[in-house]
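Asks: After the structure tokens below, expect a handful of questions from me.
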Amino acid sequence: MDRKLLGHFACFIAYSIFGINIIVCKDLTSGHLISPIALFCLRSTGAGVLFWLISLFFPVEKIRQKDYLRIFFASILGFFLTQITFLIAIPDITPMDCSIVSSISPILTMFIASFTLKEPITLRKAGGVTLSFCGIIFLILNSTSMSDPSRQTSIQGILLIIANCLSFSLYLGLFKPVIARYSVITFMKWIFLFSTLLSLPFSSFEIASINYAGLSATFLLELTYLIVCATFITYFLIPIGQKCIRPTLVSMYSYVQPIIAIAISIFLGMDTLSWQKVFAAIMVFGGVFMVNYSRSAKV
């Protein structure tokens, strides 16, 4: 498969899973059965175990001594801070508002990459980001919210999602050289090991005291989805995207998340397809096309 095509495919699948994950995490945290830090620790530990088990079937890669520290900071920005801010924010923000605020992620990534990777901001690239941003706002504003109308978005929720976007944008912009140096499995098994060690001191007591037998089947199914699909699979695919396409373009696939949410609502009969949604989708992917084929495009 073509290198760029592989990168696009990996990012599309990963962010489609993230789109479903907004709804799953909203349901997991709304019952307050488990704290965000404990939920994060279960997520990190579960995915970490999977990556370490898979690594047993591949040749051992030697990590440069100086890269251990870089991978540690990558785990803080790319997973620990990103997911903690998201899990704390999601009970206090509606899925629609979460999607709107998350739309700033590609813009942040573009500016960070312009400084860290010397990736120039061309007129076409800026226009593509702007077109996709306008498309996603148009899509959201012309769609029926799937959230409970009794729930309200708080300022804290908005600020935490902004922090979530900034943390992940810094991760995309700062750590591409390290990511490119190692295989996905090697890189991610260390990312999750460091993330688990960071969260254990704050969550080990709660995790040990949870009555797992009393958790509902729905809760356990959603938790499994969070660990296997929204963590293990997505964090396996995103580094592939980072290796194959530019950070700005990887980040732009975050615009896929609300489109997936709308598709789910249509499938479940909660919404209907309209010209507004078709028009918005054309704008979003038109913007991705403009960024991908800007004159400065290079991996």
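Asks: Could you estimate the translational diffusion coefficient of segment 88-129 from the Stokes-Einstein equation, with Rh from the Kirkwood formula over C-alpha pairs, at 25 °C and 0.890 mPa s, in whole µm²/s?
Replies: Once the numbers are plugged in, D ends up at 207 µm²/s.
Asks: If you don't mind, another one. So what is the 222 nm mean residue ellipticity for the chain from helices alone, if each DSSP H run of at least 4 adds -39500 (n - 2.57) and you divide by all residues, rounding to the nearest 500 deg cm²/dmol?
Replies: Values: 15 runs with 214 residues, N = 299.
Mean residue ellipticity at 222 nm (helix-derived): -23000 deg cm²/dmol.
Asks: Need one word for segment 1-75: rounded, prolate or oblate. Basis is the Cα gyration tensor (sqrt eigenvalues a ≥ b ≥ c); a/c below 1.5 gives rounded, then a/b vs b/c decides. Please list the in-between numbers first.
Replies: Working: a/c = 2.19, a/b = 1.30, b/c = 1.68.
Verdict is oblate for segment 1-75.
Asks: Pull out a ≥ b ≥ c, the square roots of the eigenvalues of the alpha-carbon gyration tensor of segment 153-208, then state rounded if a/c is under 1.5, prolate if not and a/b is larger than b/c, and oblate in the remaining case.
Replies: On the way: a/c = 3.75, a/b = 1.16, b/c = 3.23.
Judged from the Cα gyration tensor, segment 153-208 comes out oblate (a/c at least 1.5, b/c at or above a/b).
Asks: Based on Cβ point charges of +1 for Lys and Arg and -1 for Asp and Glu, what charge dipole magnitude is obtained for the chain about its Cα centre, in debye rounded to the nearest 20? Walk me through the intermediate numbers first.
Replies: Values: 20 positive and 11 negative charges, 277 e Å.
About 1340 debye.
Asks: Just add up the charged neighbours of R64: K/R +1, D/E -1, any other residue whose Cβ is under 11 Å from the Cβ of R64.
Replies: Details: positive: K62, K66, R70, R181; negative: E61, D67.
Surrounding charge for R64 is +2.
Asks: Remind me, relative contact order of segment 3-292 in percent, using alpha carbon pairs under 8 angstrom and six or more residues apart? Before the final figure, lay out each step's value.
Replies: Working: 391 pairs, mean separation 122.6, N = 290.
After rounding, I find 42 percent.
Just so you know, all these numbers are worked out from the coordinates, no wet-lab data involved. Computed from a predicted structure; not experimentally measured. As a convention, Cβ positions derive from the backbone with ideal geometry for all residues, glycine included, and neighbour counts pool all protein chains shown.
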